[in-house]
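Asks: Let me give you the structure first, and then I'll get to my questions.
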Amino acid sequence: MNQTERLPLRRLHPDQTVLSSNRSSHNYWATKSTEEIIDSLAADQPEPLMVKADGTVMQGNTRVMILQQRGVKVDSLPRVAFP
Amino acid sequence: MKVIAGGDLRSRMITDYAAADKPGKVLLLARLADWLTLMARGTYDSEGGVADPARLRAFNEAQNRILAQLVRLLTGDHRRYPDDVFANVLVDQFEALQLDAADVAKLVEDCTTQAKEFRRSQRQSRTSRTISAALHRTR
């Protein structure tokens, strides 16, 4: 496990940004099951969970937010390192 | 810039985007992304820096969504937003950027016209090839 995987996730976009400028995407993912969202964040998916070394989420913010709202421990999800 | 009048453009975008065929969607997304890079230059200052970083950030977010969908479309990847959802995603971005509804509507209209011309020219090319082949066979 590298440093990126150990640090807790910090979303790049606050809740308010997701719910205003990205609300259609949020509404879409909110209809998906927790399993589907987690699967979509996997490394072999088109838009995997991509995280900077300091834990900042560079891709997957909306999906991570929904998972957090559902009580999923997002820090343990597999990550792709942001280059 | 005028704040976009959400309802009208949203319903029009959903209708037009869903009705467009693949080349039409590709053209629209490519032109939107190109146009947004141009609009984003409005955030620059005159000394090589950025006068409005928050707005530049919003432009980048919009382009990220548009180009991701464009790639999925070109690669035939079904793991993309459904058309109606993505049309709403687009309008969310336009609203966040407070883009002029008339400018967006004109761009969509131009793309629709261009896509029709593209399809017509393709049909003409196919017809010409068919006639040439027929003439060749009769010689």
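The values are calculated or read from the model by the stated rules, or taken from the named source; none is laboratory data. Given the structure is predicted, the values throughout are model-derived calculations rather than measurements. In this analysis, Cβ positions are derived from the backbone assuming ideal geometry, glycine residues included, and neighbour counts consider all displayed protein chains.
Asks: Of the numbered conditions (1) in contact (Cβ under 8 Å) with a residue 24 or more places away in the chain; (2) within 19 Å of B:ASP16 (Cα to Cα); (3) more than 14 Å from chain A (Cβ to nearest Cβ), B:LYS106 satisfies every one except a single condition; which is it?
Replies: B:LYS106 satisfies every listed condition except (1).
Asks: Residue pairs, Cβ under 7 Å, 6 or more apart or interchain, first in the range A:13-26 and within 10 Å of chain B (Cβ to nearest Cβ) and touching a residue at least 24 places away in the same chain (Cβ under 8 Å), second surrounded by 14 or more Cβ atoms within 10 Å (Cβ to Cβ) and of a type in the set (Asp, Glu). List them.
Replies: Final answer for the pair search is A:ASN22/B:ASP92.
Asks: To continue, here is another question. Just to check your reading of the model, which residue among B:GLN114, B:GLN93, B:GLN98, B:GLN69 is among the polar types (S, T, N, Q) and modelled with pLDDT of 95 or more?
Replies: The match here is B:GLN69.
Asks: Please return the ranges of helices (runs of 4 or more DSSP H) entirely within the range A:1-77 where 3 or more residues are among the hydrophobic types (A, V, I, L, M, F, W, C).
Replies: A:61-69
Asks: Follow-up question, since we're still on this one. If A:PRO8 satisfies every condition in (1) within 14 Å of chain B (Cβ to nearest Cβ); (2) in contact with a Gly (Cβ under 8 Å, 6 or more places away or on another chain); (3) exposed (fewer than 12 other Cβ atoms within 10 Å of the Cβ) but one, which is the exception?
Replies: Among (1) within 14 Å of chain B (Cβ to nearest Cβ); (2) in contact with a Gly (Cβ under 8 Å, 6 or more places away or on another chain); (3) exposed (fewer than 12 other Cβ atoms within 10 Å of the Cβ), A:PRO8 violates only (1).
Asks: So, in the range A:27-59, exactly how many residues are within 21 Å of B:THR75 (Cβ to Cβ) and either aliphatic (A, V, I, L, M) or more than 12 Å from every other protein chain (Cβ to nearest Cβ) (or both)?
Replies: Of the residues in the range A:27-59, 5 are within 21 Å of B:THR75 (Cβ to Cβ) and either aliphatic (A, V, I, L, M) or more than 12 Å from every other protein chain (Cβ to nearest Cβ) (or both).
Asks: Shifting gears a bit: Could you say which residue among B:ARG120, B:ARG80, B:ARG65, B:ARG31 is more than 23 Å from B:ASP8 (Cα to Cα) and assigned to a helix (DSSP H, G or I)?
Replies: B:ARG120
Asks: When the range B:42-69 is examined, which residues are found to be small (Gly, Ala, Ser) and either over 30 Å from B:VAL26 (Cβ atoms) or within 14 Å of chain A (Cβ to nearest Cβ) (or both)?
Replies: Within the range B:42-69, B:SER46, B:GLY48, B:GLY49, B:ALA51, B:ALA54, B:ALA58, B:ALA62, B:ALA68 qualify.
Asks: Which condition from (1) of a type outside the set (D, E, K, R); (2) under 11 Å from the mean Cα position of the chain (by Cα); (3) over 24 Å from B:GLN114 (Cα atoms) is the one that B:VAL26 breaks?
Replies: B:VAL26 satisfies every listed condition except (3).
Asks: Can you give me the number of residues within the range A:27-60 that are without any contact (Cβ under 8 Å) to a residue 12 or more places away in the chain, surrounded by 12 or more Cβ atoms within 10 Å (Cβ to Cβ) and farther than 16 Å from B:VAL85 by Cβ?
Replies: 2
Asks: Something else about it: Please give the number of the condition B:LEU99 fails out of (1) part of a helix (DSSP H, G or I); (2) of a type in the set (A, V, I, L, M, F, W, C); (3) within 14 Å of chain A (Cβ to nearest Cβ).
Replies: (1)
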